[in-house]
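Worksheet for the structure shown next.
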Amino acid sequence: MPSVIYWCDDLNVPVLSRDIGIKHCSSLSIVRVTRPGDVRPAFPADIEVTRRAVVNEFGSEELARVLVPDNEVVLLNKIPGYADQADEVIVRGRVIGHRFFDIERRMWRFRPLYEGVTEMINRGLGYWAVIRMSKLPERFDVHRELIVRGNLPSEKYLHVAVSTEDGRFHGVTKAMRGGRLRIIKSWVAKGPLPNPRTSTLKDFVELNREYIERKAEKAVEFLRKVFNEYKKPVVVSYSGGKDSLVALDLTSRTGVKFHILFNDTGLEPLESYENVKEVAKLYNAELIIASAGDRYWRAIEEFGPPARDYRWCCKIIKMSPITNEMLYRFPTGFISVVGQRAYESFQRARLPRVSVSKWVTKDIVVAPIQDWTALEVWGYILLRNLPYNKAYEYGFDRLGCVICPANELGEFEIVRERYPGIYTRLSEVLRDFANRQGLPRDFIDYGLWRWRRELPGDIRGRIRVSLRVKYPVELSDNGNSLTVSIDRPINLGTFVEFLKMLGRVEGADGSYIVRGKFGEAVVRVEQGSNRVMVSSGSRELRIHIAGFAARASICGECNLCVNWCPTKALRRAGPGPSFIVDEDKCINCLLCSKACPSAQYLVYRNPGIHGA
């Protein structure tokens, strides 16, 4: 993946290829950005946030407008290394610093770099210092007697731009106790920012028009070949996001008839609903809505809050309604066009442009913009004047469930401001959950609910707290014996039905012997204490039975287990965990447990089952 972008200094806009820059620009700059370098344009709300970050850090409105000017194209590039949301800020083809959300102060801050530091020192704006040293070694503490002149903060941990006395080296430091400055990073001094030049995203689009059109034509041709090869109904998965909008428009250019699928999780930005209707009307395509209704709020009472490593929500409010709808609409399969891009994540970077879905729908998944960058996506949208979702103008760089645990706290601040109803409802659920489990306020205040197992290093380095969040299912495996403890009653009838999937079941009244292809197990159910004891020499068998216990007590009513059963041996007998198994049809494949969020997240991925 590229770590550089090109910048046309003549027009003060980014260039999507070096060849275009050489052809149309007399001066072309190379901007080195942090990988994967999926830069995006800053909307007015992003500009305001970035300026506020500068003011929060340095108390200078003048500096904020020098570093983040009006009437110019500014780019943002999401970067790691901070405890929360952080972006490189690119102005006039120069990385001027990082804006980042401080989870302890709950505000945006700014770390100046390179030409940004040069501007601060040359203009005497913000916090800066000239140091009596020939070099600026990183992690070195500069004491007051070495500071020749400058403007230093009275508050600790704020950033200070620094220069050696001869001006050869610049750096950025943090103010520490006793007036010391700790050098964080240093470099050979850069020049000032280029002179201001008005530029717009329209200028960017016009400069790159030929490149964008050529890339789009290749994507359209790719889609035509796939459609001709598979000859199935075409469905574009449209989330209301920028990537799926481009995938949809490219599909429309092939001339094929297509449907639009919108997965309404019940947690989408309000603007998404209007945008989806507008887009369906514009393209004159049938809109299929796979709705989860209020399933998220019912399921959160069963499972507790979802987390980045405990994402039961994706199965219940995404996979389930989509599977139900698409199996009904297209029982023989379909082609699913998605807005998947490699630059979004390392996981998606490994995915092919054409694949067969692992879901029971077995659709052919096609990703026409797999190799596109966010900047190319926005260039196409603006070139074609497509109706993009206005929620992007609030500062989101991705759209979907607004309370997704993958969100950063910086994004939750936008949710709190723009969608107070859903934000307040989640906060109340989290407070109730924390109170029941005896968890400290940090669990909510620092968004620690977004992890179940281990906090990431960037968080652990700032938040000195140890949390143990209890799962609804507790597992204790001692060699040949496994104890399953559940925080609610077990539907014994359903549990016994599930045991039939393993082979012959003998016994009654909570004591059973199971014999089948996975081996033999002795199972005892203590209804009063909601515990299941499993004795077996087969660890695999013990875990499968534990999964059945979870499924027989905690059910999100997603029906994935029923839909995934290849022989239709499993059917629902009532609400909640109430099922019947047809022994004559069951082939002991246990795909139902693979599909079930209770089995997967409460047992198979439970920390109590090491290596499961």
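What ranking of TYR394, TYR471, TYR230 comes out by heavy-atom accessible area, probe 1.4 Å, highest first?
Reading off the accessible areas and sorting them downward yields TYR230, TYR394, TYR471.
When the Cα atoms of the range 330-487 are enclosed in a convex hull and the volume is divided per residue, what value in Å³ results?
Normalising the Cα hull of the range 330-487 by residue number yields 228 Å³.
Considering only protein heavy atoms, what is the solvent-accessible area of LYS202 at a probe of 1.4 Å, reported in Å² to the nearest 10?
Spelled out: LYS202, probe radius 1.4 Å, area about 150 Å².
List every residue whose amide H lies under 5 Å from the amide H of LEU16, counting only residues 5 or more places away in sequence or on a different chain, with H placed 1.01 Å from N in the peptide plane.
HN-HN under 5 Å from LEU16: empty list.
Note down the Stokes-Einstein diffusion coefficient of the range 8-148 in µm²/s, whole number, using a Kirkwood radius over alpha carbon pairs, 10 °C, and 1.306 mPa s.
96
At q = 0.10, 0.17, 0.21 Å⁻¹, what log₁₀ I(q)/I(0) does the range 394-523 have when each alpha carbon counts as one equal point scatterer in the Debye sum?
The Debye formula, applied to the Cα set alone, gives -0.57, -0.95, -1.24.
Roll a 1.4 angstrom probe over the protein heavy atoms and tell me the percent of accessible area of the chain that is carbon or sulfur.
The computed percentage sits at 47.
Mind jotting down a quarter of the surface of the convex hull over the alpha carbons of the range 302-379, in square nanometres, one decimal?
Mean shadow area of the hull around the Cα atoms is 6.7 nm².
Please give the peptides 192-201, 315-324 ranked by average Cβ packing (other Cβ atoms within 10 Å per residue), highest first, as a rough proxy for protection.
The most tightly packed comes first, giving 315-324, 192-201.
What do you get for Rg/Rh of the chain when both radii come from the Cα atoms and Rh is the Kirkwood radius?
We get a ratio of 1.03 for the chain.
For the range 229-361, count the residues as N, evaluate 2.2 N^0.38 Å, and divide the Cα radius of gyration by that value, please.
Dividing the Cα radius of gyration by 2.2 N^0.38 Å gives 1.09.
Can you compute the FRET efficiency between LYS362 and LYS202 using 1/(1 + (r/R0)^6), with r the Cβ-Cβ distance and R0 = 45 Å? Round to the nearest 0.05.
Using R0 = 45 Å, I get an efficiency of 0.55.
Run the Debye formula on the Cα coordinates of the range 68-140, all scatterers equal and no solvent, and tell me log10 I(q)/I(0) at q = 0.14, 0.19, 0.24 1/Å.
-0.55, -0.95, -1.19
If you average the C-alpha positions of the range 80-124 and of the range 280-353 separately, how far apart do those two centres end up, in angstrom?
Each part reduced to its Cα centre gives a spacing of 35 Å.
Below 8 Å between Cα atoms, with a sequence gap of 6+, how large is the relative contact order for the range 345-468 in percent?
Normalised by residue count, the contact order of the range 345-468 is 11 percent.
Convert each backbone phi in the range 218-229 into a coupling constant with the Karplus relation 6.51 cos²θ - 1.76 cosθ + 1.60 (shift: θ = phi - 60°), then list the ³J(HN,Hα) values in order as whole Hz, x for Gly and Pro.
In residue order, the calculated couplings are 5, 5, 5, 5, 4, 5, 4, 5, 5, 4, 5, 6 Hz.
Note the full-extension length gain between ARG177 and TRP297 as 0.36 nm times their separation in residues minus their Cα-Cα distance, in nm to one decimal.
My answer for the length gained is 38.5 nm.
VAL74's amide H: which non-local residues (gap 5+, or another chain) put their own amide H closer than 5 Å, with H modeled 1.01 Å from N in plane and none for Pro or chain starts?
Here the answer is ALA42, since their amide H atoms fall under 5 Å of that of VAL74.
Semi-axes of the equivalent ellipsoid for the range 1-86, please: Cα gyration tensor eigenvalues, times 5, square-rooted, ordered largest first, whole Å.
After diagonalising the Cα gyration tensor, the semi-axes are 26, 18, 10 Å.
Give me the base-10 log of I(q)/I(0) for the range 222-265 at each q in 0.20, 0.27, 0.32 Å⁻¹, Debye formula, one uniform scatterer per Cα, rounded to two decimals.
These q points yield log10 I(q)/I(0) values of -0.62, -1.00, -1.21.
Quick check: pseudo-label points 7 Å beyond the Cα along Cα→Cβ at SER355 and SER538, how many nm apart are they?
3.1
Compute the orientation-averaged projected area for the range 461-595 from the convex hull of its Cα atoms and round it to one decimal in nm².
9.9
Suppose only helical runs count, i.e. DSSP H with n ≥ 4. What mean residue ellipticity at 222 nm does that imply for the chain under -39500 (n - 2.57) per run, divided by all residues and rounded to the nearest 500 deg cm²/dmol?
That comes out to -9000 deg cm²/dmol.
Using Cα pairs closer than 8 Å and at least 6 residues apart in sequence, work out the relative contact order for the chain, in percent.
10
Could you give the nm distance between label points at GLN437 and GLU344, where each point is 7 Å from its Cα heading toward the beta carbon?
2.8
Where the centroid of each part is defined by its Cα atoms, how far is the range 367-398 from the range 550-581 in Å?
40
Could you pull the Rg and Dmax for the range 177-266, using just the Cα atoms, both in Å?
23.3, 72
The values are calculated or read from the model by the stated rules, or taken from the named source; none is laboratory data. Source: prediction; values computed, not measured. Here Cβ is always computed from backbone atoms with ideal geometry, including for glycine, and neighbour counts include all displayed protein chains. Quick note on the areas: whole protein, heavy atoms, side chains included, nothing else; ligands and nucleic acids left out. Shrake-Rupley method; radii C 1.70, N 1.55, O 1.52, S 1.80 Å.
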